[in-house]
Amino acid sequence: MSYSITEPSSRQKKVAGSLVILYAFITLVPLFWVFMTGFKTPPDSISYPPKILFTPSLEGYVNLFTTRTRVSPETLQQLPPPANFAEEIVRNRNMVIAGPSKYGERFLNSVIIGFGSTFLSIFLGTLAAYGFSRFKVPFKDDLLFFILSTRMMPPIAVAIPIFLMYRKLGLSDTHVGMILLYTAVNISLAVWLLKGFMDEIPLEYEEAALIDGYTRFQAFYKVVLPQAATGIASTAIFCLIFAWNEYAFAVLLTSGTAQTAPPFIPTIIGVGGLDWPAMAAGATIFLLPVLIFTVMLRKHLLRGITFGAVRK
Amino acid sequence: MSLDPVEQAARATPVTVAKKIRGLSDRAIAWIFVGPTILLLLAINIFPLIWTINLSFTNYKANRPNRPVEYVGLRNYERILNDSDIWLNMQATAHFLVWTIVFQVLIGFTLAWLINRKFKGNDLWTTIIVLPMMLSPAVVGNFWTFFYQPQIGLFNYVVSFFTGADPSSFEMLGSVDLAPWAIVIVDTWMWTPFVMLICLAGLRSIPNYIYEAAAIDRASKWRQFWTITIPMVLPFLMLAVLFRGIENFKMFDLVVQLTGGGPGSTTELASINLKREAFEKWRTGYSSAFAIILFVTVFGLASIYVKALNKVKER
């Protein structure tokens, strides 16, 4: 090993490493606790001192996906034996399953709106970024700054006129309305990030293609798009995560058919019942995709965060 | 924004080439690329903004669309600026803003500095630390209310474990003194990684030869830290502060889930009050004026800050 005056000593590295790992563990405790709570029974979830060792139960998950009604012990005894594990868990609490809960629908809404708005932001954002990166656009700098400044508006402030506008157009509580809205919010970040990626692609490739007889559009999708693929992918992840996590617009502009999961999850806790395991189960299912995404795609994501911020 | 070589080349070269290849002028093609985005932003950003400005001069109430709308001039603005409750909201917002930034900068910079010691496996641990900021703030706020439960909550348990205080003797979310700190703690847990990442980018941008030169000149590590590391990371750090500042000025989802603005109105940040005025009391005109005031405030503060940032960068 060569000696360098700027390389930290191995003892320094060890101390720094252990401090960082300690912080990482502290940061993970809340997430780990939510995950565990999802597998507790309601009494276990509110025991004192908090239980670290417990018998895992799927009651939280069953409660998350079903609605239940309380029945008297006599009626319960007259029922045929439980058909599956879910019914068995519910009957232990003197209840029967009345039907599915709305969680599945809300989760599906999150998927539809998340992917729909991501697709649209990337589609429009890629075109706009290419336009800004390669052409003379009148008032270009002003336009770019304006696109960015739309992110400074508090969401509630934007929501007032959007609410009125959507009410007039019949877009409130619809998937299309939410997809358009999230696209409008996301597109500023998308254009900025993508323009950065496109600026890095050397012009010579396109020029060669144009001279070989490609049209502008052919040069765009046969030469530039493949080069920008990584940048487009990481931008897409940012758009998806934003749409997935968004709460303020969702809670104000949706109430039923198009409601996403974030405004729904807090309502799971239920009236007086404080069903923490079901809430934790709902949170776990909802957060897990993002956690897995983050770990899998960490290189692009981390670069994107700093790159996006530093460019602005 | 200055013209970098790529951009200059972009402006110089393809004009003639494109014209030869196809009938469409470059300007027309540019509009085909940029147009749809501009249209969408006009429809969902500009038009609503103008509408809000217009509404802010009226006494419109969105829950009574058939009531005749009167123009009241600047009365909404006057009432907001004289409303003592609004100033309390602004104080709560300022408290939240200042303390989240202080903690996030201190912890975030320290972490970045430690990670930059390049110990084995630092990539993996960085990723783990980043996880909270990827999550949905509303859901995060929701499960933190669980940790903050008196008696059964994990947070109260940990505090009592280390201090010996009775875990049911304090309510993080229910007490006027503690609630403002409860929201600061959660926001710090969630967003410190962001500051850390930006600082890390800053630290990694410092070329090694500067430290080598300083070491040859026998500058102490301490001296190197204050005369090289800090000044070179400062623009990055200030950028991180700008982003956290704008985000937390707008803060809504996390805090609404944690405290809903309570107890009383101790954690009622500007956005939470705005939501109440606009969508619970349905004072649309009044809340539009409030929205405009908030937007102008963020915009003004951010512009001043960016000017300062550019000065630091020039040094």
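Quick notes
- Subset of the range A:194-208 [in a helix (DSSP H, G or I) and either within 22 Å of A:Ile122 (Cβ to Cβ) or at the interface with chain B (Cβ under 10 Å from one of its Cβ atoms) (or both)]: A:Leu194, A:Lys195, A:Gly196, A:Phe197, A:Met198, A:Asp199, A:Leu203, A:Glu204, A:Tyr205, A:Glu206, A:Glu207
- Residues in the range B:280-293 that are buried (at least 20 other Cβ atoms within 10 Å of the Cβ) and free of Cβ contacts under 8 Å to residues at least 40 places away in the same chain: B:Ser287 alone.
- Residue within the range A:177-193 that is more than 25 Å from B:Asn54 (Cβ to Cβ), surrounded by fewer than 19 Cβ atoms within 10 Å (Cβ to Cβ) and in the same structural domain as A:Ser110 (by TED's automatic domain parsing) present: no
- So A:Ile237, is it more than 20 Å from A:Val62 (Cα to Cα) and either of a type outside the set (A, V, I, L, M, F, W, C) or assigned to a helix (DSSP H, G or I) (or both): yes
- For the range B:83-124, the set of residues classified as more than 30 Å from B:Phe290 (Cβ to Cβ), in a helix (DSSP H, G or I) and in contact (Cβ under 8 Å) with a residue 24 or more places away in the chain consists of B:Ile107, B:Gly108, B:Phe109, B:Leu111, B:Ala112, B:Trp113, B:Ile115, listed by residue number.
- When the criteria are applied in full, A:Gly231 fails the requirement of being at the interface with chain B (Cβ under 10 Å from one of its Cβ atoms) and touching a Gly at 6+ places or on another chain (Cβ under 9 Å).
Rundown of residues vs (1) within 11 Å of chain A (Cβ to nearest Cβ); (2) more than 12 Å from the chain's Cα centre (by Cα); (3) at pLDDT 90 or above, yes/no style:
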site: B:Lys221; (1), (2), (3): yes, yes, no
site: B:Trp226; (1), (2), (3): no, yes, yes
site: B:Leu237; (1), (2), (3): no, yes, yes
site: B:Gly245; (1), (2), (3): yes, no, yes
site: B:Leu254; (1), (2), (3): yes, yes, yes
site: B:Gly260; (1), (2), (3): yes, yes, no
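- When the range A:194-212 is filtered for residues that are modelled with pLDDT under 85 and exposed (fewer than 14 other Cβ atoms within 10 Å of the Cβ), only A:Glu200 remains.
- Some residue of the range A:115-126 being surrounded by 24 or more Cβ atoms within 10 Å (Cβ to Cβ), of a type in the set (Val, Ile, Thr) and either at the interface with chain B (Cβ under 7 Å from one of its Cβ atoms) or more than 19 Å from the chain's Cα centre (by Cα) (or both): yes
- Hey, B:Thr227 free of Cβ contacts under 8 Å to residues at least 24 places away in the same chain, among the hydroxyl-bearing types (Ser, Thr, Tyr), assigned to a helix (DSSP H, G or I) and closer than 30 Å to B:Asn122 by Cα or not: yes
- Qualifying residue in the range B:164-175 (condition: acidic (Asp, Glu), over 23 Å from B:Lys250 (Cα atoms) and either crowded, with 21+ Cβ neighbours inside 10 Å or free of Cβ contacts under 8 Å to residues at least 24 places away in the same chain (or both)): yes
- Residues in the range B:102-124 that are modelled with pLDDT of 90 or more and crowded, with 20+ Cβ neighbours inside 10 Å: B:Gln104, B:Gly108, B:Phe109, B:Leu111, B:Ala112, B:Leu114, B:Ile115.
- The range B:191-209, residues that are more than 9 Å from chain A (Cβ to nearest Cβ), of a type in the set (A, V, I, L, M) and part of a helix (DSSP H, G or I): B:Val195, B:Met196, B:Leu203
- Candidates A:Ala243, A:Ala248, A:Ala280: the one that is aliphatic (A, V, I, L, M), over 16 Å from B:Val256 (Cβ atoms) and either assigned by TED's automatic domain parsing to the domain that holds A:Arg167 or at pLDDT below 90 (or both) is A:Ala243.
- Taken over the range A:96-151, the criterion of being over 30 Å from B:Ala289 (Cβ atoms), out of contact with any helix residue (DSSP H, G or I) (no Cβ under 8 Å at 6 or more places or on another chain), at pLDDT below 90 and part of a helix (DSSP H, G or I) is satisfied by A:Asp141 alone.
Residue-wise test of (1) aliphatic (A, V, I, L, M); (2) at pLDDT 85 or above.
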position	(1), (2)
A:Ile5	yes, no
A:Tyr23	no, yes
A:Thr27	no, yes
A:Gly38	no, yes
A:Thr69	no, no
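- Every residue from the range A:152-173 that is more than 8 Å from chain B (Cβ to nearest Cβ) and assigned to a loop (DSSP other than H, G, I, E, B): A:Gly170, A:Leu171, A:Ser172, A:Asp173
- Taking each residue of the range A:280-305 that is without any contact (Cβ under 8 Å) to a residue 60 or more places away in the chain and looking for partners that are surrounded by fewer than 17 Cβ atoms within 10 Å (Cβ to Cβ) with beta-carbon atoms closer than 6 Å, six or more apart or interchain, yields nothing.
The values are calculated or read from the model by the stated rules, or taken from the named source; none is laboratory data. Since we're looking at a predicted model, the values are computed, not measured. Glycine gets a Cβ as well: all are built from the backbone with ideal geometry, and neighbour counts include every protein chain shown.
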